[in-house]
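Shown next, in structure tokens, is the structure this report addresses.
Since every read-out is calculated from the coordinates, none of them should be taken as a lab result. Keep in mind that this is a model prediction, so the values were computed, not measured. Backbone-built Cβ (ideal geometry, glycine too); neighbour counts: all protein chains shown.
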Amino acid sequence: MRQAALKLEQAKPLGRAQLEGLDDNALVTSYLGGASRAFDLLVERYQTRLLNFVYRTVGDRERAEDLVQEAFVRVHRHLARFDRSKKFSTWIYTIASNLAKNELRNRSRNPLVYFQTMTSGWEDEDRPLEFEDTNARPDDEFDRKHLRELVDAAVKRLPTHHREVFVLRELEGRSYEEIAEITHCNLGTVKSRLNRARSAFAEIVQPAL
Amino acid sequence: MPRRPSLSCRQFRQLHAEYVDGYLCGERTEAMRAHGDDCAACSTLDVSVRRSLLALQTLPTIEPSADFRERLHERLELSQVTERAPRRLRIQAPMRGIRWGLASVVTAASVAFLVLAAPSKTGRPVSPRPAPTLARASMPAAPALPVARVAPVLTVPAPVAPARVDVVNYAAQPAESFRFEALPGVTAVRRSPSMLASPSVRLQLASFSGQ
């Protein structure tokens with residue numbers, strides 16, 4: 001019956017509008033059935049989200065793009081083996097998460113360290129000076145820009161394990177269970193890391209609010 | 001008047017993420033609220049976390065660069081070309097089962113033949129116990145057995161069976177069991193770390209790449 005369904009899909013090429021109405025797993029099925037546009041649609045759905053997730057994790061925009069592309073290449077390569085009873089989003093995020101973690105691990109072994117990814121502990125002397133500048137200008141746009149930079153830097157300063165959970169929850173909206181699956185942790189660890197990440201984030205950002 | 005359930009500061013902090021996200025049951029939520037009313041430190045934590053999370057909305061969404069899709073398509077094409085090349089080295093998973101199955105049949109047939117052909121001293125039927133040396137002799141030596149004719153295409157001499165099993169096991173693994181151990185600049189990673197650890201497999205790969 002599955003083969004018959006696949007053959008039917010092959011017989012009737014799906015238009016873009018029809019493909020857009022399909023969920024991720026149905027797009028995977030369509031692609032494996034011959035609808036080449038289906039993979040493009042998956043890329044379109046996930047490229048921005050994955051890029052933001054990986055960028056917030058590794059802190060380097062160019063490298064984040066490389067890693068996201070690598071994630072799509074791997075997804076494409078192993079698509080036929082993807083278990084369609086599971087969530088596609090969890091699978092692709094897991095791949096991206098592993099690539100990001102490998103990137104950070106390789107950087108820590110490399111003498112050339114990227115400042116954006118330095119994950120020091122919560123020591124006061126590690127705080128950049130600009131965060132201690134309390135001369136607020138009345139210009140709203142300046143304040144918003146300053147806050148954006150502060151928030152961006154605060155996320156980057158979180159320890160890697162906390163940052164990953166924090167980004168997946170706060171910026172990507174993943175559930176605790178999905179985060180546990182993506183990061184290969186149990187639920188208790190996810191909650192604990194999220195608690196710590198939120199507290200640490202608030203500690204940096206709150207004085208500016 | 002019913003007594004409100006009380007929590008410690010430690011419990012408050014442990015449950016705080018779920019409290020903020022609204023995942024606690026009614027009774028627990030009430031207990032968290034009650035503790036916040038009674039504890040200034042925990043109340044401050046709650047307020048500061050909630051306010052700082054609102055600040056996340058100021059973060060801009062980063063868009064992929066203009067040539068992102070184009071570069072991705074190039075990588076996908078290159079990946080497909082690279083993927084085709086190493087396939088000659090891989091033994092298809094079903095062939096392993098066929099080979100071992102044929103080997104088992106040949107072994108059993110050899111044993112049965114020898115048992116039936118050997119004369120019995122007592123006249124009683126001889127129980128077909130396989131002799132260890134005979135079993136070893138009938139173990140498949142790749143060039144001699146018929147199974148070699150159906151052996152997968154290899155451009156290098158076949159290693160000892162266990163190493164080959166490693167290769168086959170890898171090829172048969174579902175995608176979810178892959179550990180995507182990525183290194184910058186490394187492409188076409190169809191090799192698992194455990195596979196690379198096998199000396200005979202490294203020899204295979206080295207031979208294939210002409211090293």
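Miscellaneous remarks
- Each residue of the range A:163-209 gets 59 Å³ once the volume of the Cα convex hull is shared out per residue.
- When you work out D = kT/(6 pi eta Rh) for the range B:1-69 at 37 °C and 0.692 mPa s, using the Kirkwood radius from C-alpha pairs as Rh and the Stokes-Einstein form, the result is 232 µm²/s.
- Sites B:Thr61 and B:Arg84, calculated FRET efficiency, Cβ-Cβ separation with R0 45 Å, nearest 0.05: 0.75
- Pairs of alpha carbons in the range A:45-116 whose separation is greater than 18 Å (percent): 38
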